[in-house]
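The values are calculated or read from the model by the stated rules, or taken from the named source; none is laboratory data. Small disclaimer: the values here were computed from a predicted structure and weren't measured. Here the Cβ is made from the backbone with ideal geometry for all residues, glycine too, and neighbour counts use every protein chain on show. These accessible areas exclude ligands, DNA and RNA; they are computed on the full protein's heavy atoms, side chains included. Shrake-Rupley method; radii C 1.70, N 1.55, O 1.52, S 1.80 Å.
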Amino acid sequence: MEYKDGSNYGCQGIWESIEPPAGVEVDEKKNKSLRALIFQAVPEDILLHVIKKKTASEIWDTLKMRYLGANRVHKARLHILKGEFESFHMKEGETVDDFSRKLNGMISKYNSLSATLEDNVLVRKLLDSVPDKFLQLVASIEQYSDIETISFEEAMGRLKAYEDRLKLRSRNSSKEGNLLFRKAEGKNVLKNSGGGYHATRRG
């Protein structure tokens, strides 16, 4: 282990102050030196927890417990996050932009735990998570693209473009339907009004 001046405990010859051999009494001078060196090496917030310890060995045990505990918490949080990622899916009616924001939030959570989600993992998750209306695009991407090399941004961009085309097609179909309905209604109005006119003349 190195500390601020670049030296290490082993070359100082005082490691036995932390883990003394059986039957060997710790040299007080070496113990004080190592305590001082440890105090230099740890952050200020950690220093508050160990400064009252009398021996280098006690300080070392406290540091081990603290960092091992933090490591267990970190692993537990990462395990929970992985479960959340695996159950993550795009809901019916949810837009690609909304889903993208949620995925980016997931990426940020991973980054906060010093972990990363590789592009190939994100792309695979993305293609497996979209509703059925995207299946045609998913099949096309899987057939003509290398899932291992396509970027997450590119895959998301394709989904967004496909979604825009679906929306445009839906709007056009709706307009055509409304136009046909209005034409049909117009014909009925003319037919009804015309029938009434002839009936009046015959009278």
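Its residue count N fixes a reference of 2.2 N^0.38 Å for region 21-102, and the Cα radius of gyration divided by that reference is 1.95. Once the Cα-Cα distance is subtracted from the 0.36 nm per residue extended length, the Ala139 to Asp61 segment shows a gain of 22.5 nm. Rounded to the nearest Hz, the phi-derived 3J(HN,Hα) couplings of region 25-40 under the Karplus curve 6.51 cos²θ - 1.76 cosθ + 1.60 (θ = phi - 60°) are 7, 6, 6, 5, 5, 5, 4, 5, 4, 5, 4, 5, 5, 5, 4, 5, where x marks glycine and proline. Computing FRET efficiency as 1/(1 + (r/R0)^6) for Glu84 and Ser112, where r is the C-beta to C-beta distance and R0 is 22 Å, gives about 0.95.
Using the Cα coordinates of region 52-95, the gyration tensor eigenvalues translate into equivalent-ellipsoid semi-axes of 43, 8, 4 Å, sorted from longest to shortest.
If the segment from Ala70 to Glu154 were pulled out straight at 0.36 nm per residue, it would be longer than the present Cα-Cα gap by 26.5 nm. Listed values for region 89-105 are Karplus-derived 3J(HN,Hα) couplings in whole Hz (6.51 cos²θ - 1.76 cosθ + 1.60, θ = phi - 60°), namely 9, 7, 7, 4, x, 7, 7, 4, 4, 4, 5, 4, 4, 5, 5, 5, x, and x replaces Gly and Pro.
Note on Ser87: accessible area approximately 80 square angstrom, rounded to 10, probe 1.4 Å, nucleic acids and ligands left out.
What the phi angles of region 148-161 give under the Karplus curve with 6.51, -1.76 and 1.60, with θ = phi - 60°, is a coupling list of 6, 10, 5, 7, 4, 4, 5, 4, 5, x, 5, 4, 5, 5 Hz, glycine and proline written as x.
The equivalent ellipsoid of region 84-178 has semi-axes of 27, 16, 10 Å, largest first, where each one is the square root of 5 times an eigenvalue of the Cα gyration tensor.
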